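This report concerns only the one structure given below.
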Amino acid sequence: MNANTTTLQPPAIEFRNVNLSFDDRPVLKDINFTLERGRLIIMTGISGSGKSVLLRLAIGLLKPDSGEILINGKPIQDMEEPELIAVRGGLMGMVFQEDSLFTGLTVFENAAYRLEDHGWAEEDIRKAVTEVLQFVDLEGEEEKYPEELSGGMKRRLEIARAMIGWPSIMLFDEPTMSLDPLAAVKVMDLVIRARDVNHISSLYVTKKIHEFEYLAATDQQNTKVLVLRDGSIVFSGSVKDFENSELPAIKELATLDDHDHSSDRQFPDPWDKHRRPHETIL
């Protein structure tokens, strides 16, 4: 082999000409995109545009009518359920839009659930839970139940449960929905840290277009925005391209947010070490 030859790793996620219909109604039409390893794609669009359906296709909870979906280079659309469970258990984690915590389990037990389900040893589970709870700033809260946590803490616990064991791919379905601005910033910090420190590849779904610049702050060049409209990708480009676009679908998104975000607590640099503790932990 030539000494200058390098082995290129396949993308984390690749959709090739993917189509899906429900009851003969097209939901996703000819979807093509690539999520490279260690990168972040922000996916947006009005309600009903197909964002959540696309995430469920990516993790194998739905199967396309046609086209290919590749995870780390392996097509998953024809996998049987045991193979898909292995993919979800080892390669991927997902934070769902709705609250999915087990109310009868403690913080520790919620975080450990996925590993217990896949037969990890007790010592390995304890180490992994300790590590991931430190990552989401929930260390010391292990014995509490979800009802004892704030909204922001619950969302961070959901992220911990999805990230346990450090999957290489994360899917986030509107993770800051219903959170106040400070709690939302903390969640976005976790997404950024997952990418920048753990090199996790992420698909991040949101309708909050004011979040885009913050999520891209440390990697403007490689952060991509996809806009879905009526089941099709109508825009693919950088955050700056998105902000400068005159596309009607993008202008429509801007009109949906009538909140004044000028007073929201934002930070030019998510890695700013001069933040005070009450500004970073909720």
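The values are calculated or read from the model by the stated rules, or taken from the named source; none is laboratory data. On a predicted model such as this, the values are computed, not experimentally measured, just so you know. Quick reminder, even Gly has a Cβ in these numbers, built from the backbone with ideal geometry, and neighbours come from all protein chains shown.
Name the residues in the stretch 131-185 that are closer than 22 Å to PHE212 by Cβ and among the hydroxyl-bearing types (Ser, Thr, Tyr), would you?
Answer for the stretch 131-185, where residues must be closer than 22 Å to PHE212 by Cβ and among the hydroxyl-bearing types (Ser, Thr, Tyr): THR176, SER178.
To keep it simple, each residue is scored yes or no on (1) assigned to a loop (DSSP other than H, G, I, E, B); (2) outside the structural domain of ALA184 (by TED's automatic domain parsing); (3) at positive phi; (4) at pLDDT below 90.
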residue: GLN220; (1), (2), (3), (4): yes, no, no, no
residue: VAL225; (1), (2), (3), (4): no, no, no, no
residue: LEU228; (1), (2), (3), (4): no, no, no, no
residue: PHE242; (1), (2), (3), (4): no, no, no, no
residue: GLU246; (1), (2), (3), (4): yes, no, no, no
residue: LEU253; (1), (2), (3), (4): no, no, no, no
residue: HIS261; (1), (2), (3), (4): yes, no, no, yes
residue: ASP269; (1), (2), (3), (4): yes, no, no, yes
residue: LEU282; (1), (2), (3), (4): yes, yes, no, yes
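Any residue in the stretch 24-33 that is among the polar types (S, T, N, Q), without any contact (Cβ under 8 Å) to a residue 60 or more places away in the chain and assigned to a strand (DSSP E or B)? Can you show your working first?
Applying the first criterion (among the polar types (S, T, N, Q)) to the stretch 24-33 yields 32.
Those still in the list that are without any contact (Cβ under 8 Å) to a residue 60 or more places away in the chain too: none.
Taking every residue of the stretch 24-33 in turn, none turns out to be among the polar types (S, T, N, Q), without any contact (Cβ under 8 Å) to a residue 60 or more places away in the chain and assigned to a strand (DSSP E or B).
Does LEU105 qualify as being outside the structural domain of VAL205 (by TED's automatic domain parsing), in a loop (DSSP other than H, G, I, E, B) and either at positive phi or surrounded by fewer than 18 Cβ atoms within 10 Å (Cβ to Cβ) (or both)?
Working: outside the structural domain of VAL205 (by TED's automatic domain parsing): yes; in a loop (DSSP other than H, G, I, E, B): yes; either at positive phi or surrounded by fewer than 18 Cβ atoms within 10 Å (Cβ to Cβ) (or both): yes.
In short, yes.
Out of (1) within 30 Å of LEU133 (Cβ to Cβ); (2) assigned by TED's automatic domain parsing to the domain that holds SER238; (3) in contact (Cβ under 8 Å) with a residue 24 or more places away in the chain; (4) not aromatic (Phe, Trp, Tyr), what's the single condition that is false for LEU61?
LEU61 satisfies all of (1) within 30 Å of LEU133 (Cβ to Cβ); (2) assigned by TED's automatic domain parsing to the domain that holds SER238; (3) in contact (Cβ under 8 Å) with a residue 24 or more places away in the chain; (4) not aromatic (Phe, Trp, Tyr) except (3).
What are the residues in the stretch 142-198 that are polar (S, T, N, Q) and crowded, with 17+ Cβ neighbours inside 10 Å, if any? It would help to see each step written out before you state the result.
So the first thing to find is which residues in the stretch 142-198 are polar (S, T, N, Q), and the list is 150, 168, 176, 178, 198.
Residues satisfying the conditions are SER168, THR176.
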